[in-house]
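For reference, the structure is listed below as structure tokens.
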Amino acid sequence: MDKISNSQTGKLLVISGPSGSGKGTLTRALIERTGAVLSISATTRQPGPGEINGKDYYFLTKAEFEAKIAAGELLEYAVVFDNYYGTPAGPVNDMLQAGKTVVLEIDVQGALQVFENTQAARGVLILPPSDQELRRRLISRGRDESRVIEKRLEKARWEIETARNSGKYAIEIVNDDLETAISELLAFADAG
Ligand code: 5GP
């Protein structure tokens, strides 16, 4: 069943891209510069430094997350880097019905579920300028050890390929120059 009701009036934008593509920065710019609102995901991963429950994510135990799956409360969910991530359906429906543009910043596995369930969703794929640049960005942010970086690069290649092969993303934005990429995203969000 369609988890998003047909009486919605707002737009649903799905933004995906590998870590290091800059999708977080682009999504923040979209939220700050327009009236769009960001859906807060649930996850079983541990909060990072400075992350706040209910603001960055809803941090849940595995049992709590699985209860939400069983209750059909998630619009989509996926296992990413060994943890569950998912989008609570209720708030998304409420915001769409209030006429808001709702943004989901989610991985490709989850995005494909949303495209399947929700005709009106439009997907944006954020791409790094190159594989080398993605590696450089992942190393320079200093967050991960090299084994984890190799894992992220592998996932990045898989994600880009899966997203492209699906044919479901409405637009690809190459994040080379940030302001250019932001302009492209704003124009796309405005157009649909
Ligand atoms: P991070 O742990 O770095 O915050 O996020 C890891 C990955 O999980 C990112 O690619 C992010 O887009 C994805 N993600 C975050 N929230 C969700 C969600 O609700 N559903 C899905 N499928 N992926 C998510």
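The values are calculated or read from the model by the stated rules, or taken from the named source; none is laboratory data. Only a predicted model underlies this, so the values are computations on that prediction, with no experimental measurement involved. Ideal geometry is used to build each Cβ from the backbone, glycine not excepted, and the neighbour counts take in all protein chains shown. The accessibility values were calculated without ligands, DNA or RNA, using every heavy atom of the protein model including side chains. Shrake-Rupley method; radii C 1.70, N 1.55, O 1.52, S 1.80 Å.
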Global geometry of segment 1-160, whether rounded, prolate or oblate, following the gyration tensor of its Cα atoms and the 1.5 cut on a/c: prolate
Segment 41-192 - percent relative contact order, Cα under 8 Å, separation 6 or more: 18 percent
Where the chain is the region considered: accessible area per residue in Å², 1.4 Å probe: 52 Å²
Set of lysines near K100 by C-alpha distance (under 23 Å), chain-local residues within fewer than 8 positions excluded: K3, K11, K23, K55, K168
Largest-first ordering by accessible area, 1.4 Å probe, given options D107, D177: D177, D107
Accessible surface of E179 - all protein chains present, 1.4 Å probe, nearest 10 Å²: 100 Å²
Selection of trypsin sites (Lys or Arg not before Pro), segment 104-174, meeting DSSP coil and at most 16 other Cβ within 10 Å: R141, R143
Computed [θ] at 222 nm, helices only, for the chain once each DSSP H run of length n ≥ 4 contributes -39500 (n - 2.57): -13500 deg cm²/dmol
DSSP beta bridges in the chain [antiparallel fraction, %, rounded to 5]: 30 percent
For segment 115-163 and segment 32-86, distance of Cα centres in Å: 19 Å
Solvent-accessible area, 1.4 Å probe, carbon plus sulfur percent, for the chain: 50 percent
